[in-house]
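K.L.:
Dumping the structure here so I can ask a few things about it.
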Amino acid sequence: MSTLEPSSKRVKMSDGSSSPVIGTHNGHFHADEALAVYLLRQLPQYQSAQLVRTRDAERLQTCDIVVDVGAVHDHNARRYDHHQREFTATFPGHHTKLSSAGLVWMHYGPEIIHSQTGLAVDSAENALLYEKTYTDFIEAFDGNDNGIAPYDPAALRAAGIEKKFSDKSFSLASVVNKFNFAPSDPSATSTSEKAASAEEEDARFLRASAFVGQQFAFELSHTFHSWLPARGVVAEAFRTRREVHPSGRVILIPHRPEGVPWSEHLYNLEEAEGKSGEILYAIFPESGEKDSKWRIRAVSLENGSFENRKALPEAWRGLRDEELSTVSGVPGSVFIHASGFIGGNQTYEGVVALAGKAVEL
């Protein structure tokens with residue numbers, strides 16, 4: 001079974017050998033084909049594949065598999081382009097038009113998951129990772145390459161909603177674009193050394209592909225090793241929540257060395273039980289030590305949101321230690337964040353008391 005560490009081997013450019021050949025276009029590259037090439041190389045049959053970057057139709061014909069060029073989507077012929085006018089394919093259950101990354105994932109995702117985790121291609125766990133990895137990671141590549149924003153820009157303008165700050169550099173696609181201009185040899189100084197010759201351009205693409213591949217490997221590793229096992233842990237915590245506090249509005253998340261990403265599972269459990277929005281706070285130990293301090297976390301309105309269902313009381317916010325213990329009436333209190341989303345106490349009993357008072361206030 002793979003450790004899910006990113007491959008340290010560089011994609012080889014075609015050298016005329018008998019190894020399988022992956023084809024993609026040359027010139028300016030984007031995040032989707034950089035990821036598509038990396039994904040293909042996670043399959044045993046393409047692990048040592050050569051890479052050809054060209055728009056020459058005759059040369060592309062000689063490639064075993066082609067992504068993001070050629071104006072053909074034909075799984076049987078192993079051709080995966082999305083630029084043709086008639087192309088409208090989407091991932092099952094989604095509405096975002098696919099890019100080359102999404103096409104490769106749609107057709108080969110279960111096999112890639114098997115190669116990286118050992119999960120059987122037809123297992124329920126594989127199917128969960130297949131859907132979640134597309135939703136949480138790959139769909140953004142598809143949207144970006146097809147010019148599809150997460151929110152309707154016209155609706156945002158009509159509502160008068162403007163960005164508070166620029167986040168254009170805070171995306172994988174923006175980083176990949178910079179690889180188009182960053183010389184593969186950072187020590188190069190002269191204009192001629194920095195010129196994007198075919199070889200230099202290919203080297204930049206390989207760096208970009210390795211970069212997005214590393215992010216994919218991190219994502220899949222986290223989902224497999226942490227998110228997937230957390231399902232059962234959170235389900236048990238949800239079932240026994242009234243043992244923590246009689247209101248049923250506080251959930252105890254136990255410590256696990258691999259972490260317990262609980263929020264998404266909690267939302268799903270609440271929805272399945274018809275209790276959406278019920279849990280206000282999660283409590284959890286800071287470590288696995290017997291004398292560990294404890295934390296309390298306000299549950300977000302939705303996964304990834306900075307808004308909380310019920311922030312910790314305003315009178316506690318920004319206070320620490322004795323002052324907080326006095327104001328809250330709970331001995332051993334350590335801190336409450338100024339925004340009210342998280343706090344801490346020295347003991348389990350103390351953090352439960354904080355949670356109970358926060359529920360009632």
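The values are calculated or read from the model by the stated rules, or taken from the named source; none is laboratory data. Predicted model, so just to flag it, every value in this text is computed and none were measured. We place every Cβ from the backbone using ideal geometry, glycine too, and count neighbours over all the protein chains shown. For accessibility, only protein heavy atoms count, side chains too; no ligands or nucleic acids. Shrake-Rupley method; radii C 1.70, N 1.55, O 1.52, S 1.80 Å.
K.L.:
Regarding the chain, what whole-number volume in Å³ per residue does the convex hull of its Cα atoms give?
P.N.:
Roughly 200 Å³ of hull volume per residue.
K.L.:
Explain nothing, just the number: relative contact order of the chain, from Cα pairs under 8 Å at least 6 residues apart, as a whole percent.
P.N.:
12
K.L.:
Report, in order of residue number, the helices in the chain meeting two criteria: a C-alpha extent of 27 Å or more along the helix axis, and a mean Kyte-Doolittle hydropathy of at least -1.0; treat each whole DSSP H run as one helix.
P.N.:
The answer, listed by residue number, is 198-222.
K.L.:
For segment 89-110 and segment 124-164, write down the distance between their C-alpha centroids in whole Å.
P.N.:
About 13 Å separates the Cα centre of segment 89-110 from the one of segment 124-164.
K.L.:
Moving on. Residue by residue through segment 41-57, what is 3J(HN,Hα) from phi via Karplus (6.51 cos²θ - 1.76 cosθ + 1.60, θ = phi - 60°)? Round to whole Hz and write x for glycine and proline.
P.N.:
6, 8, 8, x, 6, 10, 4, 10, 5, 7, 10, 10, 10, 7, 10, 6, 4
K.L.:
Would you kindly state the longest site-free stretch of the chain, with sites defined as trypsin sites (Lys or Arg not before Pro) in a DSSP loop (not H, G, I, E, B) surrounded by at most 11 other Cβ atoms within 10 Å?
P.N.:
Result, exposed sites excluded: 169-289.
K.L.:
Next up: Give the long-range amide H neighbours of Lys293: residues separated by 5 or more places, or on another chain, with amide H under 5 Å away, using H modelled in the peptide plane at 1.01 Å from N.
P.N.:
Placed amide hydrogens put Glu286, Ser287 under 5 Å from Lys293.
K.L.:
Would you mind counting up the charge near Ala127? Only other residues with Cβ under 14 Å from its Cβ, with Lys and Arg at +1 and Asp and Glu at -1.
P.N.:
Computed value for this residue: -2.
K.L.:
Taking the alpha-carbon centroid of each part, what is the distance from segment 282-354 to segment 219-279 in angstrom?
P.N.:
18
K.L.:
To continue, here is another question. With an 8 Å cut-off on Cα pairs and a minimum separation of 6 or more residues, tell me the relative contact order of segment 245-360 in percent.
P.N.:
For segment 245-360, the relative contact order is 22 percent.
K.L.:
Report the longest stretch of the chain that contains none of the chymotrypsin sites (Phe, Trp or Tyr not before Pro) sitting in a DSSP loop with at most 13 other Cβ atoms within 10 Å.
P.N.:
Answer - 1-150.
K.L.:
Given the DSSP H assignment, sum -39500 (n - 2.57) over each helix run of at least 4 residues in the chain and divide by its residue total; what's the result at 222 nm in deg cm²/dmol, nearest 500?
P.N.:
-11500 deg cm²/dmol
K.L.:
Oh, and also: Taking a threshold of 26 Å on the Cα-Cα distance, which of the pairs Lys97/Lys178; Lys97/Lys168; Lys168/Lys275; Lys132/Lys275; Lys97/Lys275; Lys164/Lys310 fall above it?
P.N.:
Violating the 26 Å Cα-Cα cut-off are Lys168/Lys275; Lys97/Lys275.
K.L.:
Rounded, prolate or oblate: which one fits segment 85-161, using the alpha carbon gyration tensor with axes a ≥ b ≥ c (rounded when a/c is under 1.5, else prolate when a/b beats b/c, else oblate)?
P.N.:
Taking the square roots of the gyration eigenvalues as a ≥ b ≥ c, segment 85-161 is prolate.
K.L.:
What longest region of the chain stays clear of GluC sites (Glu not before Pro) that DSSP places outside H, G, I, E and B and that have at most 10 other Cβ atoms within 10 Å?
P.N.:
163-288
K.L.:
What is segment 270-323's relative contact order, in percent, from Cα pairs under 8 angstrom and six or more apart in sequence?
P.N.:
After rounding, I find 23 percent.
K.L.:
Over the chain, give the accessible area per residue in Å² for a 1.4 Å probe, as an integer.
P.N.:
Per-residue value: 52 Å².
K.L.:
Taking one equal scatterer on every alpha-carbon of segment 245-360, how large is log10 of I(q)/I(0) by Debye at q = 0.11, 0.16, 0.18, 0.23 1/Å?
P.N.:
For segment 245-360 at q = 0.11, 0.16, 0.18, 0.23 Å⁻¹, log10 I(q)/I(0) is -0.33, -0.71, -0.90, -1.35.
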